[in-house]
Amino acid sequence: MRIFVDTSAFFALLDRDDANHKKAKEIWNKILNPENVLITTNYILVESFALIQHRLGMDAVMGLQEDILPIINIEWITSGVHRSGVSALLAASRRKLSLVDCISFEIMRNSGIKTIFTFDSHFEEQGFHCIP
């Protein structure tokens, strides 16, 4: 199965004080198997690096880079997908919905990915199957 991985999952995996840390570790251990392909985007990585560096520091960024990302497939955002994400964001006109989320929705729909490892409720609102 192809599973998309969101910023909220990366953060919960790395922050031992996060309310979702224990659940994130359990899920991570379950989805790490040869049957699954884990996917994220370069936009999620930019968002994740910034969040993790700001809140947890460079050691946590190093953990993401060295321990997690080697087993993740990274989808690079094209200018067309970027434009579609911006259009979706502007059409939604919701303050708490991010461009990165809208880009993720586009990538998941275009790639036929239905499952995401996230703690962000926006993905469920969009009809995706969220783990947890």
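Rule-based calculations on the coordinates, nothing more; no lab input. From a predicted model like this one, the values you see are computed outputs, not experimental measurements. Cβ: placed from backbone, ideal geometry, glycine included. Neighbour counts: every protein chain shown.
Quick notes
- Backbone phi angles across the stretch 8-19, fed through the Karplus curve with coefficients 6.51, -1.76 and 1.60 (θ = phi - 60°), yield HN-Hα couplings of 4, 6, 4, 5, 4, 5, 8, 9, 5, 8, 5, 4 Hz in residue order; Gly and Pro are listed as x.
- Separation of the stretch 55-93 and the stretch 6-53, taken as the distance between their Cα centroids, equals 11 angstrom.
- The lysine pair count for the stretch 1-123, using Cα distances under 23 Å and pairs eight or more places apart or on different chains, is 5.
- Label point 7 Å beyond Cα of Glu66 along Cβ direction - residues of the stretch 5-35 with amide nitrogen under 13 Å: none
- Summarising the overall dimensions of the stretch 62-132 from its C-alpha atoms, the Rg and Dmax are 13.2, 38 angstrom.
- Under 5 Å from the amide H of Thr41 lie the amide H atoms of Glu75, each residue being 5 or more positions distant or on a separate chain, with H modelled from the backbone and absent for Pro and chain starts.
- Each Lys and Arg Cβ is given +1 and each Asp and Glu Cβ -1; about its Cα centre, the chain then shows a dipole of about 320 debye.
- Gyration tensor verdict on the stretch 29-80 (Cα atoms; rounded if a/c is under 1.5, prolate if a/b is larger than b/c, oblate otherwise): oblate
- Listed residues Thr118, Thr40, Thr78, most fluctuating in the chain (Gaussian network, C-alpha, under 10 Å): Thr78
- Residues whose amide H lies under 5 Å from that of Thr118, counting only those 5 or more places away or on a different chain, are Ile131; hydrogens are built 1.01 Å from N in the peptide plane.
- Reported label for calculated P(r) over Cα pairs in 10 Å bins from 0, in percent given (1) 13, 50, 32, 4, 0; (2) 15, 50, 29, 6, 0; (3) 12, 45, 35, 8: (3)
- Mean-square fluctuations from a GNM of the chain, with a 10 angstrom spring cutoff on Cα atoms, peak among Lys30, Lys22, Lys96 at Lys96.
- Using the rule -39500 (n - 2.57) for each DSSP H run of four or more residues, divided by the residues of the chain, the 222 nm mean residue ellipticity is -15500 deg cm²/dmol.
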